[in-house]
1. Might you tell me the accessible area per residue for the chain, computed with a 1.4 Å probe and given in Å²?
2. I'd like to know which of VAL162, LEU72, ILE2 lies farthest towards the positive end of the charge dipole of the chain, counting +1 on Cβ of Lys and Arg and -1 on Cβ of Asp and Glu.
3. Could you give me the ³J(HN,Hα) list for the range 137-143, computed from phi with Karplus coefficients 6.51, -1.76, 1.60 and θ = phi - 60°, whole Hz, x at Gly and Pro?
4. Assign one of three labels to the range 1-126, namely rounded, prolate or oblate, based on the Cα gyration tensor with a ≥ b ≥ c the square roots of its eigenvalues; rounded applies when a/c is under 1.5, prolate when it is not and a/b is larger than b/c, and oblate otherwise.
5. Tell me which cysteines of the chain come out unpaired when the rule is another cysteine's Cβ under 4.7 Å.
6. Under the Karplus relation 6.51 cos²θ - 1.76 cosθ + 1.60, θ = phi - 60°, what is the ordered set of whole-Hz ³J(HN,Hα) values for the range 2-16, x standing for Gly and Pro?
7. Give me the percent of accessible area attributable to carbon and sulfur for the range 2-152, probe 1.4 angstrom.
8. Once R0 is set to 25 Å, what does the formula 1/(1 + (r/R0)^6) return for the Cβ-Cβ distance between HIS88 and ASP37, expressed as a FRET efficiency to the nearest 0.05?
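The values are calculated or read from the model by the stated rules, or taken from the named source; none is laboratory data. Since the structure is predicted, the reported quantities are computational estimates derived from the model, not experimental observations. Cβ coordinates were reconstructed from backbone atoms using ideal geometry, including for glycine residues, and neighbour counts include every protein chain displayed. Accessible surface areas use protein heavy atoms only, side chains included; no ligands, DNA or RNA. Shrake-Rupley method; radii C 1.70, N 1.55, O 1.52, S 1.80 Å.
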Amino acid sequence: MIGVRLAEDLVNLACSGGWTHLAVCRLLRGSFVRSVDLDALDDATLRSLRDWTHQLRSVFDSHSVAARTEHLNVLLEEGVRAVRLAVHDGLPPHLHFAGTEDDLVQRVKALTSGGLAIFAVEAEAGRMGVCARPGCGRVFVDTSKNGRRAYCSAKCGNTHAVHRYRERQQGAGHSLGRSVSAPAR
Ligand SMILES: [Zn+2]
Ligand SMILES: [Zn+2]
């Protein structure tokens, strides 16, 4: 799940407005990407990662299996250089889609596209999405039991539920001809 989580985190970092050298560095290090430090993350590298993150978003933002598959194939084409089974750092055996000699951007592309593809196989190209709360824009990976997740967080789910409840109350007030106390505009 490391590649999938990294994809999710990169997309959410970009949409949070907190895309900085330091924040990206922390994410990559947390995902066991080798030889990452602030020197390695120069402006050009950060820009390439940002462009790639934009492409990753399209996988979460797909509304059909066909569209998601198509987006993933575009990413795989660019991301996968080789496939090897690897064991290191106490991690369970997993696939590597790039070599250690590949540059940082290429290794991030390999990790995220390969990870998403494996997840898509398991999840039948479902269980990914964009938060259903209007205006949020964060993405999520759904590892819940029933696979019906619609929000990036419980907080967004609650906020949206309250909002819809208020809207229904107002709608009911209108349809019954009652006066609804709405702020004057
Ligand atoms: Zn590895
Ligand atoms: Zn949200």
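1. 60
2. VAL162
3. 3J(HN,Hα) across the range 137-143, in whole Hz: x, 6, 10, 8, 10, 9, 10.
4. oblate
5. CYS15, CYS25, CYS156
6. 4, x, 5, 5, 5, 4, 4, 5, 5, 5, 6, 5, 5, 7, 7
7. 52
8. Between HIS88 and ASP37 the formula returns 0.85.
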